[in-house]
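Taking it in order: structure first as structure tokens, then the write-up.
The values are calculated or read from the model by the stated rules, or taken from the named source; none is laboratory data. The structure displayed is predicted, hence computed values, not measured ones. Glycine gets a Cβ as well: all are built from the backbone with ideal geometry, and neighbour counts include every protein chain shown. Keep in mind that these areas ignore ligands, DNA and RNA; they rest on the heavy atoms of the full protein, side chains included. Shrake-Rupley method; radii C 1.70, N 1.55, O 1.52, S 1.80 Å.
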Amino acid sequence: MTLHAAVHLHPRLAVGPVRRRTFGSFVEHMARCVYTGIYEPDHPSADADGLRTDVLELVRELGVSSVRYPGGNFVSGYRWEDGVGPREHRPVRRDLAWHSTETNAFGLDEFMTWADAADVEPMYAVNLGTRGTQEALDVLEYANGSVGTDLADHRALNGHAEPYGIRMWCLGNEMDGPWQLGHVPARDYAVLAAETARAMRRADPDLELVACGSSHAGMPTFGAWEQAVLEAGYDAIDMLSAHVYYRESRGDQASYLASADDMDAYIDAVVATSDHVRALQGADKRIMISFDEWNVVASRGNSGTEPSGEDWPVAPRFAESAYSAQDAVVVGSLLISLLRHTDRVASASQAQLVNVLAPIRTEVGGAAWRQSIFHPFALTSRHARGQVLVTGVDSPAVENRRFGESAALYSVATWDEVTGQLAVFAVNRSGADALELDMDLAAFGDAGVGGRAGDGGRARGGEHAGFELVEAVLLHEDDPHRTNSARRPERVVPHPLQDVDLENAGDDGALATTRLSATLPPISWTMIRLQRTQ
């Protein structure tokens, strides 16, 4: 059976700009993300700083824009000063968040060296769990202060004379969660975060500060927590965090494929709460969302278990999802959700970058490879440009247990008027049926035509063609649970989409592209790029 869906676009109807920070990631001192992930001095590819250059190459290919560090749950028990200075003098400590041993061989200076090599913007989290305002001011001075004060001078002595200039700072992590070291009620955290934010702004008024929202929308304090934090510190913060992880539960594939419906509702709820407090306070600015932890968890193929008891290992192997083609399709849909909310989502971080629930996997002393979820992230980061268009979708529904019904087609388009590139990202969320996508392009004017993917996108209607087909790629596997591995790293990769066509209509020889059509197989993610030629 083939379903039919229509997409309606207009180049003047935009949600907002494509934000590069949407394509951020997350590095935490958890399991093998740092040690044997991005940092492995004994690896054959390691540079003079101990950084795995094979991983660096993949990070650049992934198109990561910013990276949140050093946590995560880890940060709520972290002493930042343990990770700076000569390594032989750094203390080894127990990490109570992940029941591990932290050597502190990698800290703030190493992270900033890595961020520079990876060409990513740093986003630094301070410990408001077991520490507080003074420690936040101290690490800010160490990171961003000019030489001439104690902590900035220590940074210079450690080999980094120039300030790092970190702009984005997280005020703790998931402080609503009882699992968090230093967890407190909403009002207590709200006051601490607000006062810390105000103190940090005395040092640098141009910082961008992120306060903790709820750990996920299912928390019993969701909504009330956001309201308390905003009421105490609306004037002092810029963003409120949101976190979510999705997985297939009890074989409910249909609901898993529709996970973006939950992300949409989550974002809308946080926006509503934020705007409610804005109205109560008569504030001018709007609080934005930092979706600084999001991802999927593989329903099968997870390696390792979290340590417990008397076992306190260094960089234990756990939470290493082996991602499937189906997982990649869901990740692609979550990126679509973030883009569709670009008017309020100012930053996002897929969690995490390497090994732990990650698009990149490594073996100790061995290979690094791309997981299935690497591909929709990399392609969306590379080609989403300009403005996110309001994307009207008429789609048949597919049934699922969680939402009742969800649209089979989930889609967004971006339009770069300067370069003339139109990029369409679409997911067929049906588990069984192909979907015929029909996109009305008449509003783009005399935009010309292209051709089928198979004939190189050549215009069929003459020299007046205004759009040509540049690229159409598909991520789909007949076995949706197929995964990549160190031995078989290319089992799940994008392929050319063959069933795509541009149609034209016009008179007096002036042809205009009016319609794009494509057939999307079930459980698939697709990207189609068109280039305006006049």
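For the reader, a short list of remarks on this structure follows.
- Residue in segment 241-250 that is of a type in the set (S, T, N, Q) and free of Cβ contacts under 8 Å to residues at least 60 places away in the same chain present: yes
- Members of segment 512-534 found to be assigned to a strand (DSSP E or B), open to solvent by 10 Å² or more (accessible area, probe 1.4 Å), at pLDDT 95 or above and farther than 10 Å from LEU502 by Cβ, listed by number: THR519, ARG529
- THR101 vs. criteria of a type in the set (S, T, N, Q), closer than 27 Å to ARG167 by Cβ and either at pLDDT 95 or above or assigned to a helix (DSSP H, G or I) (or both): no
- Per-region count, segment 45-65, residues assigned to a loop (DSSP other than H, G, I, E, B) and touching a helix residue (DSSP H, G or I) at 6+ places or on another chain (Cβ under 8 Å): 7
- Taking every residue in segment 292-313 that is over 26 Å from CYS170 (Cα atoms) and pairing it with any residue that is exposed (fewer than 14 other Cβ atoms within 10 Å of the Cβ), at least 6 positions away or on another chain, the pairs with Cβ-Cβ distances below 9 Å are SER299/SER249; SER299/GLY251; PRO307/PRO313; TRP312/ARG94.
- Residue count for segment 32-44, restricted to those that are part of a loop (DSSP other than H, G, I, E, B) and open to solvent by 10 Å² or more (accessible area, probe 1.4 Å): 6
- Filter result (open to solvent by 10 Å² or more (accessible area, probe 1.4 Å) and not in a loop (DSSP other than H, G, I, E, B)) within segment 231-240: GLU231, ALA232
- Considering segment 253-285, and only residues there that are touching a Gly at 6+ places or on another chain (Cβ under 8 Å) and more than 20 Å from VAL329 (Cβ to Cβ), the residue that is least open to solvent (accessible area, probe 1.4 Å) turns out to be VAL270.
- Filtered by the rule that a residue be open to solvent by 20 Å² or more (accessible area, probe 1.4 Å) and assigned to a helix (DSSP H, G or I), segment 9-31 gives ARG20, ARG21.
- Selection status of ARG94, assigned to a strand (DSSP E or B), under 30 Å from GLY309 (Cβ atoms) and not β-branched (Val, Ile, Thr): yes
- Hits in segment 135-164 (condition: within 23 Å of ASP176 (Cβ to Cβ) and surrounded by fewer than 19 Cβ atoms within 10 Å (Cβ to Cβ)): GLU135
- Filter pass, ALA384 being within 26 Å of ARG68 (Cβ to Cβ), crowded, with 22+ Cβ neighbours inside 10 Å and in contact with a strand residue (DSSP E or B) (Cβ under 6 Å, 6 or more places away or on another chain): yes
- A residue that is closer than 30 Å to ARG286 by Cα, part of a loop (DSSP other than H, G, I, E, B), charged (D, E, K, R) and under 16 Å from the mean Cα position of the chain (by Cα) occurs nowhere in segment 331-340.
- Exclusive hit being open to solvent by 30 Å² or more (accessible area, probe 1.4 Å), more than 25 Å from HIS29 (Cβ to Cβ), modelled with pLDDT of 95 or more and of a type in the set (Lys, Arg), set ARG370, ARG429, ARG402: ARG402
- Counting the residues of segment 61-99 that are touching a His at 6+ places or on another chain (Cβ under 8 Å) and closer than 26 Å to ASP153 by Cβ gives 4.
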